[in-house]
Amino acid sequence: MIPMNEDARESLARKTSADRALERAASELEVLLKEASAALRPFPSFPNAFFTNAIECDPGPAGDPERGCVVVGEDGELYELEFGVDHDAVEITGSWDPVTARKEEKRPLDLHPRDYVVYAYSGLMAITEELLERAAEAEDES
């Protein structure tokens, strides 16, 4: 084992504190995101989706450019949403029905707390905007 001097110990202690702060932030955002998702009923359909209710979490340049479309689902969890063609359904039915052939897949994400904070905050802001729009529409109707 390599002996550590005081500067190295202090550096590691700061990093450990920063990691704990990030984990706390991610945990608190997770609770807020679930609460906001529960308040948003009915949950909106994702644009151009047939079967998926979700809201996009677009963090802009803070997001990972390698990651696909990240959404928050009705349960307040984050998913990567993929659209495609269900070739098995086409083969089984023998027809190219756009609804039957449509494949919408939400894959659960297991994110590092640093990434979770970015996407969860974006999702929370998107849900909050939707809730505020609904509240304004309801007020206009009354």
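A short reminder: the numbers here are calculations on the coordinates, not readings from a lab. Source: prediction; values computed, not measured. All Cβ positions, even for glycine, are placed from backbone atoms using ideal geometry, and neighbour counts span all protein chains on display.
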On Cα atoms only, tilt of 113-141 relative to the major axis of the chain in degrees: 50 degrees
Helix-only [θ]222 nm of the chain, DSSP H runs n ≥ 4, -39500 (n - 2.57) each, per residue, nearest 500: -17500 deg cm²/dmol
Within-12-Å neighbourhood charge of ARG114 [Cβ basis; K, R +1; D, E -1]: -4
Net charge, GLY63 excluded, C-beta distance under 11 Å - Lys, Arg +1, Asp, Glu -1: -4
The chain - charge dipole about Cα centre, Lys and Arg +1 at Cβ, Asp and Glu -1, debye rounded to 20: 540 debye
Angle in degrees between helix 6-39 and the longest Cα principal axis of the chain, rounded to the nearest 10: 30 degrees
